[in-house]
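Reviewing the structure listed below.
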Amino acid sequence: MRHPKLIIAGIGLAAVAAAGGAAAAAAAGGPSAGSAAAGHGATAATVRTAPATVAGTTETILVNSGGLPLYFYRPDTAATSLVTGGVAALWPPLTSAAPTAAGPGGTLTVVNDAHGHQVAYNGHLLYTFVSDHPGQVTGQGVQDFFVATPGLTPIAGSPAPAGTVPAAPAAPGYGY
C-alpha cells in the first residue's frame, strides 16, 4: 500500500468535509438531516448481530439498527470516551437514552459522557465509521478502532447496568 498516512489523512479530510456537508444540510433542514441522525443512533438505538467480512473472514458482528458496523476504541475506559474533535467526526458515537438489544448475548448499557447517552456493549463504548455502509466493514484496525463482536470481552470495571435492556422484536433476516 502506498503512503498509508496520506491515504488515512485523505479519508479523514473527505469524511470531515462530508460531515460538514451533512451538518449544513441539517441546519438548512435538508433531506440528510433525518438520515444522519438515524444512521448514528441519535434516537432509540438497536444493537443486533449480522454477518460481515472482516479482514477477509466472515464473522458475526454488532451493527446498529441501520445495519452499520459498530466499533470500539481500544484506549477508551468503561466510563470515559477518549474520542474527541476530528476523530469523533470520523467515528460518531452510538448514542441513545434507551437502546435495545436484538441477538447479542452481552450487556448493553448507557454511559453519560461528553457525547451524551453513549451506548456500551460489555463496557466498550460503541461507534460507527463514516466511510462504512450497511454490511461493509472498512474501519477495522484504523486509528485503534476495532469491530465489535458478540464475544467481546467485558472491560474490567464496567459500569453496572442501570436496568435490563429490553430485547427488540425479532425481524426476519438482517434487512439488507
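A short reminder: the numbers here are calculations on the coordinates, not readings from a lab. Every value quoted in this text rests on a predicted model; they were computed, and no experiment measured them.
With Cα atoms as the point set, the radius of gyration and Dmax of segment 76-119 evaluate to 11.2, 32 Å. Mind listing the long-range amide H neighbours of His117? Cut-off is under 5 Å, sequence gap 5 or more, other chains count too, H placed in the peptide plane at 1.01 Å from N. Distant-sequence amide H within range of His117: Ser96. Close amide H contacts of Leu82 (hydrogens built in the peptide plane, cut-off under 5 Å, sequence separation of 5 or more or a different chain): Asp76, Thr77.
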